[in-house]
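First up is the structure itself, then whatever we jot down about it.
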Amino acid sequence: MREDTDLTPESEQEDLRTIIRPPERAFLVGIGVRGSRPLLSVAESLEELNLLADTAGMNVVGQTYQNLNAVDPSTMVGSGKVDEIKASLLAVGAQVIIFDDELSPRHQRELEKRLGEAVKVLDRSALILDIFAQHARTREGTLQVELAQYEYRLPRLTRQWTHLARQSGGGSGRSGGGGVGLRGPGETQLEVDRREIRRKISKLKEDLEHVRSHRGRHRSQRDRANVPLIALVGYTNAGKSTLLRALTGADVYVANQLFATLDTTTRRIQLPSGRLALISDTVGFIQKLPTTLIAAFKATLEEIGEADVLLEVADVNHSSVSQHIETVEDTLAEIDVPPVPRILVWNKMDRYGADAPPPVEEASRYASVVPISAATGQGLDRLLEAIETALSASLYTLKLHFPYDRGDLVAMLHEQASVEDQQHTEDGIDITARMSAALYERLKDYRV
């Protein structure tokens, strides 16, 4: 009789080999440019990069940094430092080198040439994209990550990325849909791969537009029901998912790692008055978040732009919490979030060494500041009260004028706002109504 291992299908044997394969050994490189003012110091940023590498399943075996007057246009860190790094890689047996700052296409090519084919050259952006690819669970999340990966790779196509035609069966990756075509006269494999990536980018954008339309229909249904939306935002690993679970009892994934959750999760919540609202957990932010990723996740981040109240969750115990808050604020500004009430939530107070949280810079930008512990439930009643107060304060009272051919907007206003007065005039309809910030943003061009 054959042994059990002989009965294991070939595909499952491959899965087993993948599971037991040792993690890649990674070497980290930090950059400090004199005169620049980064949010985190080089040491703090390298510590965060270490956590990112760990989240990606790598084993960090060494690190170094270089202070520069200016970034070297060829290798980022200069030829002498590259030689030093190459010797360190050989000494520790590293297979991957990860730079803490984004490499230009030229940097990528030069470093791969000098460090040799045995070493994979990545930067922080590529590492974050890899983590997102591992953690995406929904079709939307998978599409968004895949789009960001291809847009990142397109200008950087080198020997490490020109592999589309060599995938099994001539396929084209997870998104499917046809293999790479035959080369035209004089075309190189690089040109064929570029053309294929552009085709895939176009298809992914089309698919994501369908997702956005679907999300928009759900949003319209929510607006008609006059259900407010609260969005959780914050630096990665600040405890947003734990807070969502604590407030709603939702069975959401919680882990002590960066980007433990990626796909947006929305659940219903009851406020102290008995009023129902929706609360949505979004992807965590991080310094140096790749611009391609922000662009690809536009459909998800639109949920933040539609929120009536933002809960900015911060880990009160983190040594760089002020910089984390600033990163969140910068990202919110980048995605152009409307001026809705924001509540700063000091999370993890159960592990904080004082009764009161630290003072807040620019406290005037927050409707309130609430210390809590999502893990123990401390302060959650006060947070719910603060949300209710902020929702009441977030309503705008406006007088609007609509021409008679915009009856659709008048109907929408009656469905989604509280109309206090309506008058018909010679050239249109004057309406005074109380509305949410999101609706105000849509209709502000018609205000009197």
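Candidates in segment 103-162 are the residues that are assigned to a helix (DSSP H, G or I) and small (G, A, S); of these, the one that is farthest from L89 (Cα to Cα) is G141. Out of all the residues in segment 104-116, is one or more over 21 Å from V283 (Cβ atoms), touching an Asp or Glu at 6+ places or on another chain (Cβ under 7 Å) and not assigned by TED's automatic domain parsing to the domain that holds E209? The answer is no, given that none of the residues of segment 104-116 is over 21 Å from V283 (Cβ atoms), touching an Asp or Glu at 6+ places or on another chain (Cβ under 7 Å) and not assigned by TED's automatic domain parsing to the domain that holds E209.
The residue of segment 395-413 that is farthest from A307 (Cα to Cα), among those that are in contact with a Lys or Arg (Cβ under 9 Å, 6 or more places away or on another chain) and surrounded by 15 or more Cβ atoms within 10 Å (Cβ to Cβ), is H401. Farther than 17 Å from T236 by Cα and over 22 Å from the mean Cα position of the chain (by Cα): does that describe L111? The answer is yes for L111. Among the residues of segment 68-93, which ones are among the basic types (K, R) and over 21 Å from A118 (Cβ atoms)? Once the filter is applied, which keeps residues that are among the basic types (K, R) and over 21 Å from A118 (Cβ atoms), segment 68-93 yields nothing. The residue that is farthest from the chain's Cα centre (by Cα), counting only those in segment 362-377 that are part of a helix (DSSP H, G or I) and under 15 Å from S322 (Cβ atoms), is A363. Looking only at segment 374-394, which residues are touching a residue at least 60 places away in the same chain (Cβ under 8 Å) and closer than 10 Å to V309 by Cβ? Once the filter is applied, which keeps residues that are touching a residue at least 60 places away in the same chain (Cβ under 8 Å) and closer than 10 Å to V309 by Cβ, segment 374-394 yields I387, E388, A390, L391, S394. Among residues of segment 195-227 being in contact with a helix residue (DSSP H, G or I) (Cβ under 7 Å, 6 or more places away or on another chain) and modelled with pLDDT under 85, the one that is farthest from S273 (Cα to Cα) is L208. Only residues that are within 34 Å of the chain's Cα centre (by Cα) and over 27 Å from R365 (Cβ atoms) were counted across segment 378-413, and they come to 3. Return yes when P359 is within 20 Å of the chain's Cα centre (by Cα) and assigned to a loop (DSSP other than H, G, I, E, B) and no when it is not. Here the answer is no, as P359 does not meet what is asked. When segment 313-359 is limited to residues that are closer than 23 Å to S41 by Cα and charged (D, E, K, R), the one that is surrounded by the most Cβ atoms within 10 Å (Cβ to Cβ) turns out to be D315.
Conditions tested, residue by residue: (1) crowded, with 20+ Cβ neighbours inside 10 Å; (2) out of contact with any Ser or Thr (no Cβ under 8 Å at 6 or more places or on another chain).
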site	(1), (2)
E44	no, no
D54	no, yes
Y65	no, yes
G80	no, yes
D83	no, yes
S88	no, no
Q95	no, yes
K120	no, yes
L127	yes, yes
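Where helices (runs of 4 or more DSSP H) fall entirely within segment 256-349, those with at least 1 residues that are at pLDDT below 85 and among the charged types (D, E, K, R) are at 298-305, 321-334. Within segment 352-369, residues that are closer than 13 Å to A314 by Cα have Cβ atoms under 8 Å from residues that are surrounded by 10 or more Cβ atoms within 10 Å (Cβ to Cβ) and polar (S, T, N, Q) in these pairs: Y352/N317, counting only partners at least 6 apart in sequence or on another chain. Could you tell me which residue of segment 102-111 is farthest from I128 (Cα to Cα), considering only residues that are surrounded by fewer than 20 Cβ atoms within 10 Å (Cβ to Cβ) and in contact (Cβ under 8 Å) with a residue 40 or more places away in the chain? Here the answer is R109.
Residues in segment 31-71 that are assigned to a strand (DSSP E or B) and more than 12 Å from F99 (Cβ to Cβ): G32, V33, N59, V60, V61, G62, N67, L68.
Selection of segment 414-436 for residues being buried (at least 18 other Cβ atoms within 10 Å of the Cβ) and modelled with pLDDT under 85 yields Q416, A417, M435, S436.
The values are calculated or read from the model by the stated rules, or taken from the named source; none is laboratory data. Everything numeric in this text was worked out from a predicted model, so none of it was measured. Glycine gets a Cβ as well: all are built from the backbone with ideal geometry, and neighbour counts include every protein chain shown.
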